[in-house]
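Below is one structure; the comments refer to it alone.
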Amino acid sequence: MQDVVLALLAKEPSHGYELRQRLRAALGPLGDTLNSGQVYVTLTRLEKAGLVSSARTGGRPDRPDRKVYDLTAAGHRRVADWLAEVSWTPRPELAEFHLKLAAARAARLADPLTLIDAHRRELMRRLRDAQRAALAEADGSMAGLLLEGVVLRLRADLRWLESCERVWSGHGERS
Amino acid sequence: MTGGTLAIRARGLSKVHGEGQARTRAVDEVDLDVPAGQTLAVTGPSGCGKSTLLHLLGGLERVSAGELWLAGRRIDRLGERALARLRRRAIGFVFQDFHLMEELSAVQNVELPALLAGRTPRTARRRALDLLDRVGLADRAQRLPAQLSGGQRQRVAIARALSNAPLAVLADEPTGNLDTAATNDVLRLFDSLRSTGQTLVIVTHDERVAATADRVVSMRDGRFVDDVHLPAASTGGLGDLLGLGG
């Protein structure tokens, strides 16, 4: 979240509520789940870390929030680093689930196929939520684009569960 | 079970292909109740029997054994002519590759089943135009299939499937040839059909299609191995899909 807020601030010195508006534009309905205080908490942390500076302005009487935030030189460098960085998050939960199945099987604690079924149902529930949200978006919307990514990841996980099921059901027959 | 009527009911439904050593049970003693108005997705790996099941339900293939009812009427013993008539009037089919008549315009494709069912050209045309409007293609009525995108062609095919107000629409991989935007269009259309109480059975590899159905059955080797009813409304926030933390 810190990098996101910094990057949103790179456009121009801004009020906290302007950053929230930019987040909302990019996230659509997904942005509703962000705590509105989260941006301010993050800004405070960034200021303490010397990445952001703030100045009080006269502001408008209808806006209680009079602070304008700006990137410091260190903040600009961090944004540049963040943009250049290629982040691909490994998914520890895959290895964890894989090992869970192996351990459950070895100790005869649970049937791997039952665990796979439970997992698949949960992923289907999440896919349903994501796909329903995607259907509510107009084609080409920013939020729709993000949701497409969420949907693709869930589909990949569901396909991997199919492979798990195929292999573990084979193991069941042999033992 | 009481309440709504069953659109489809099957008991011990089986389809055997081949003979002797080559004999396989594509569909193996399947029991299935589909209440009217339900959207049912059937998933499973290639060769699991899901397409054959759909063909049996729609009378495209003959049942080897078992009993099958459509809206309370036993149909597994119908003669060829009665079955063909039933297919034309009571079932709407949607296929992966659309199966539109290339030399006919969109509206001519959509009105064809109504004409075959004996409606007057006037009635058939009016209904076809209504249906094209419903699938968002009123302005494409005179186009030939070749002049439409894949998603538009599939929406024409869905309109055609609705031509005779079928008891059930049976769809075989309806999004198999479509990109994400067109898939979403088709899923939105299925949602609107569901809201009118249309019964839908969709065979699909596509997890997105399955996830938006009311119920998902998984097939392996001709049998049902899982049967899940999905909650109607979203149960969790969308936030846990993102994992954006502080």
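A few remarks follow.
- Between the range A:1-33 and the range B:92-148, the Cα center-to-center distance that results, in Å: 47
- Projecting the Cα atoms of B:LEU144, B:GLN198, B:VAL186 onto the charge dipole of the range B:132-222, computed from C-beta unit charges around the Cα centre, puts B:LEU144 farthest toward the positive end.
- Stokes-Einstein D for the range A:92-174, Kirkwood Rh over Cα pairs, 20 °C, 1.002 mPa s (µm²/s): 152
- DSSP beta bridges fully contained in the range B:6-230 are about 55 percent antiparallel.
- The dipole here belongs to the protein assembly as shown: it is taken about the Cα centre, uses +1 on the Cβ of Lys and Arg and -1 on the Cβ of Asp and Glu, and is about 900 debye.
- In order through the range B:189-200: 3J(HN,Hα) via Karplus (6.51 cos²θ - 1.76 cosθ + 1.60), integer Hz, x for Gly, Pro: 5, 4, 4, 5, 5, 4, 5, 9, x, 5, 7, 9
- Averaging 1/r across all pairs of distinct Cα atoms in chain A and inverting the result yields a Kirkwood radius of 19.7 Å.
- Cα gyration tensor category, rounded, prolate or oblate, for the range B:108-246 with a/c compared to 1.5: prolate
- Note on A:LYS100: aspartates and glutamates with a C-alpha under 17 Å away, same-chain residues under 8 apart excluded, are A:ASP111, A:ASP117, A:GLU122, A:ASP157, A:GLU162, A:GLU165.
- In the protein assembly as shown, helices alone account for a calculated mean residue ellipticity at 222 nm of -15000 deg cm²/dmol, with every DSSP H run of four or more residues adding -39,500 (n - 2.57).
- Sequence-distant lysines (8 or more away, or on other chains) whose Cα lies within less than 23 Å of A:LYS11: A:LYS48, A:LYS67
- Put simply, the amide H of B:ARG220, placed in the peptide plane, has neighbours under 5 Å in B:VAL225, leaving out anything fewer than 5 places away on its chain.
- Note on chain B: dipole from Cβ charges, positive end direction compared against B:GLN96, B:ALA65, B:PHE224; the farthest Cα belongs to B:ALA65.
- Shielding score for A:122-128, defined as the mean number of other chain Cβ atoms within 10 Å: 6
- Nearest-20 debye value, chain B charge dipole, Cβ charges on Lys, Arg, Asp, Glu: 1160
- Using C-alpha pairs under 8 Å with a sequence gap of at least 6, the mean separation divided by the residue count of chain B gives a relative contact order of 26 percent.
- Ranked packing of A:69-80, A:142-153, most packed first, by mean Cβ within 10 Å: A:142-153, A:69-80
- Calculated over the protein assembly as shown: convex hull of Cα atoms, volume per residue (Å³): 213
- Centroid-to-centroid separation of the range B:162-185 and the range A:100-175 [C-alpha atoms, Å]: 24
- Among B:VAL209, B:ILE158, B:PRO113 the positive-end extreme of the charge dipole of the protein assembly as shown (Cβ point charges): B:PRO113
- Separation in nanometres of the label points that stand 7 Å from Cα toward Cβ, at A:ALA102 and B:ARG77: 5.7
- Accessible surface of chain A, 1.4 Å probe: 56 percent of it comes from carbon and sulfur atoms.
- Counting only Cβ charges, +1 for Lys and Arg and -1 for Asp and Glu, the dipole size of the range A:2-84 around its Cα centre is about 180 debye.
- Table column - 3J(HN,Hα) (Hz), the range B:152-164, Karplus curve with 6.51, -1.76, 1.60, x for Gly and Pro: 5, 4, 5, 5, 4, 4, 5, 4, 4, 4, 8, 3, 9
- J(HN,Hα) series, the range B:110-116, from Karplus relation 6.51 cos²θ - 1.76 cosθ + 1.60, nearest Hz, glycine and proline x: 5, 7, 4, x, 5, 5, 5
- The longest part of chain B holding none of the exposed loop GluC sites (Glu not before Pro), meaning those outside H, G, I, E and B in DSSP with at most 15 other Cβ atoms within 10 Å, is B:104-246.
- Counting all C-alpha pairs of the range B:1-121, share separated by more than 21 Å (%): 48
- Gyration tensor analysis over the Cα atoms of the range B:6-230 returns equivalent ellipsoid semi-axes of 29, 20, 16 Å (largest first, whole Å).
- Calculated Rg and Dmax of the range A:2-84 using C-alpha coordinates, Å: 12.6, 40
The values are calculated or read from the model by the stated rules, or taken from the named source; none is laboratory data. Small disclaimer: the values here were computed from a predicted structure and weren't measured. With ideal geometry, Cβ positions are generated from the backbone for all residues, glycine too; neighbour counts draw on all protein chains shown. When the accessible area is computed, the model is the full protein with side chains, heavy atoms only, and any ligands, DNA or RNA have been set aside. Shrake-Rupley method; radii C 1.70, N 1.55, O 1.52, S 1.80 Å.
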